[in-house]
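For reference, the structure discussed in these notes is given below.
What follows is calculated from the coordinates using simple rules that are stated; it is not laboratory data. What you are looking at is a predicted structure, and each value in this text was computed from that prediction instead of being measured. Please note: Cβ atoms are built from the backbone with ideal geometry, for glycine as well, and neighbour counts cover all protein chains shown.
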Amino acid sequence: MAALVFGWSRAAAQLDGQAYDWLFATSQTPGWQARSALLAIDEASLIEMGGARNLRQKLAEVLARVCAAKPLAVAVDLMLSTSEDPKVDAALAAAFAKCPSVVLGADIVRRDSQWEEPIEAFRKVAGALGHVHADPDPVSRRIPLEKAVAAKRYWALALEAFRLSKQAGPILETPEDLEVGITKIPASRATARSVYVNYVPVAIPQVSLKDVANKPESAMAFSGKVVFVGYTDQSAARDRLMTPMGNLMTGVEIHANLYETLQQGAFVTDAPVSLPVLLTLVAVAGAGLIFVFLSGSIAWFVAVGWLMVIHVVPRWLFWNQVFLGPSMLLTGVWLATIVSASFHYFVIRKQWKQSEADKSRYQQAIHFVTHEMKTPLTAIQGSSEIMSRYKLNEEKQKQFAQMIHSESKRLASMIQTFLDVERLAEGEMQLKQDVFALSAVLLSALDRARILSERKDMSMRVGAIPTGQIKGDKELLEYAFYNLLNNAVKYSPEGTGIECSCEIVDGMVRIAIRDQGMGMDAADLKRIFDRFYRSKRAEESGISGTGIGLSIVNEIVKQHEGRIDVQSEVGVGSVFTVILPFMAGAPVDSEIANANQRTITAS
Ligand code: ADP
């Protein structure tokens, strides 16, 4: 869209003009034989004549010689709109009358938008009148073949000269082109019948007026040519215009070049309006698709190739004489390439980062597994070694066998839990939907944590556990509570206390685990549920951990439609509150009675 909008802007039109100049200047082929010649009224001629006053007289003499050399036509780009000395005018008119086909110039007087035409005496003997406009913009790339002002129209001087030189009848007009004899000129009415001037690669031969006057044989240069008569000197030539080749040229020479263009029949035409739009769409789609279907260096390679192909399109079209303003196309393909390349780059980067994160997560998981499983494995190894090395009595043997049994069971359940939690996090596992007493799950977690707290000489106080039930996976919830308690012990100094209290608010049970440990700051609190996140304080304290526990706990609680609330202060302690849906006061089964019994013991 941006390319389309830009492509239709004024700035793009200017750039397109410059592109035309470049395309034109670089595709001119030398070796061109000019079919026209200039009869130049140059500085030397003017000096010799004693000024422009005496021009008509001199021109009458010179034209007689020129026309004796049998040119095809004579086009005169001079202002002949006023009468001067009647004798001189008559002489010039007579000279015109002897020439084969004379075209006289008509100009538009800008102010009142009127034609300034040659006087009757000259008009009478002229084969045709033609306009001498060059329409610079500011470069004279194209010339309108038709010019209409004040309800009167003239064809361009060069077109009339061409028509007369071909001895063709009137010019036939269709909306799209003009026909002169057998030559079809693609000059549509929509563009004021303008055509690109195909400037000849070498200068059009010039013979100065003075030379023809002094050396009659030099008039032979005009034999079989179309003669263009006009000023070429610096001061009198009123129009010196810029050409696509970047040099200044007089109006008469530009018209001579227009004649060469018509004569050559090689017309550069503008591409249809829809072509740049269509090509831009193709170029943009191509640039996009490259990055959709290809990746890595191949994508870059192909993209560069595609850019090059698109850049060649305007040049190739120009070789085939079609000019396509390249602004829209090139803006489109560059924008599309840049946008899709950066999009591609960032997506690939994201994927790469993701895979790096997965890799490190995997490594951490391995670390976690090996670390957590070391303890039961060591116990199993130790027990089995003792059993094989020493002769033990039956009771001892039984004790060790039991130890191996219970530790291997623990190992198995640990593996199971780990796998379950992994699958839970991936959303692959269906949660068990058992109904069980809150006290049952909480107390067994507390029992297991108590062993840890005793090792650090910590007190563990448990408030009253409300009777009621929870729906979900008992093992996973036990794992979650145990983890929170384990952290409370791990991240607290020896001799401090842990408190576990419950309350019911709005049908949810809030189980708070409060410690007097190192605490966390606000930045930590935002991230502790991220996988593998460990606070700096925890890392520096030397307390081992993997940073996976809380993420698992959070996942488990979420799966039970609950949430976790954390409050913490550095150096004071933390409170982790698990909030779960709760069926308060539901009938208590024997297990709960049993658990409650243990609550009393615990507190
Ligand atoms: P781990 O304990 O293995 O590092 P967790 O996921 O259980 O992993 O905890 C993540 C981080 O949260 C810990 O590293 C620690 O920085 C912080 N944290 C968790 N619980 C507590 C707590 N009770 N007191 C202070 N910091 C804690």
Modelled FRET efficiency - R0 22 Å, residue 540 with residue 371, Cβ distances, 0.05 increments: 0.70
Among the listed pairs 166/210; 353/409; 432/456, those beyond 31 Å (Cα-Cα): 353/409; 432/456
Gap separating the Cα centres of the range 488-520 and the range 266-326, nearest whole Å: 69 Å
Residue among 207, 263, 406 farthest towards the positive dipole end of the chain, charges placed on Cβ: 207
Folded to 0 to 90 degrees: helix 274-293 orientation relative to the chain principal axis, Cα: 30 degrees
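Under a Cβ-only charge scheme (Lys and Arg +1, Asp and Glu -1), can you give me the dipole magnitude of the range 363-415 about the Cα centre, in debye to the nearest 20?
Its charge dipole is roughly 80 debye.
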Residue 70-residue 13 FRET efficiency (beta carbon distance; Förster radius 56 Å; 0.05 resolution): 0.80
Estimated distance in nm for a label pair at residue 84 and residue 274, the labels positioned 7 Å out from Cα along Cα-to-Cβ: 5.7 nm
Residues residue 308 and residue 98, FRET efficiency given R0 of 56 Å [Cβ-Cβ distance, rounded to 0.05]: 0.40
CD proxy at 222 nm, helix term only [per DSSP H run n ≥ 4: -39500 (n - 2.57); per residue of the chain; nearest 500]: -16500 deg cm²/dmol
Fraction of antiparallel bridges per DSSP, the range 1-149 only, in percent to nearest 5: 30 percent
Kirkwood-type radius of the range 373-424, with distances r between different C-alpha atoms, in Å: 11.9 Å
Check: the range 177-302 dipole with +1 on Lys, Arg Cβ and -1 on Asp, Glu Cβ, in debye: 100 debye
Label zone at residue 494, where the point sits 7 Å out along the Cα-to-Cβ direction: the range 430-466 residues whose backbone N lies under 16 Å: 452-459
Other-chain or far-sequence residues with amide H under 5 Å of residue 229's (modelled H): 39, 75, 76, 77
For the range 254-354, projected area of the alpha-carbon convex hull averaged over all directions, nm²: 7.6 nm²
Contour minus Cα-Cα distance for residue 47 and residue 137 (0.36 nm per residue): 29.1 nm
Cysteines having no other Cys beta carbon under 4.7 Å from their own, within the chain: 500, 502
Nearest 10 degrees, 0 to 90: helix 474-490 Cα axis against the chain principal axis: 90 degrees
Gain on full stretching of the segment that runs from residue 415 to residue 455 - 0.36 nm per residue minus C-alpha separation: 11.9 nm
Long-range amide H partners of residue 102 with built H, under 5 Å: 74, 127, 128
Dipole axis of the range 460-525 (+1 Lys, Arg; -1 Asp, Glu on Cβ), positive-most option in 488, 504, 467: 467
Rounded to the nearest 20 debye, dipole of the chain from Cβ charges on Lys, Arg, Asp, Glu: 800 debye
For the chain, with +1 on Lys and Arg beta carbons and -1 on Asp and Glu, the positive-most of 144, 254, 272 along the dipole: 254
Contour minus Cα-Cα distance for residue 399 and residue 281 (0.36 nm per residue): 34.4 nm
Cα long-axis angle, helix 251-264 against the chain (0 to 90 degrees, to the nearest 10): 80 degrees
Alpha-carbon centroids, the range 536-584 and the range 52-70: separation in whole Å: 109 Å
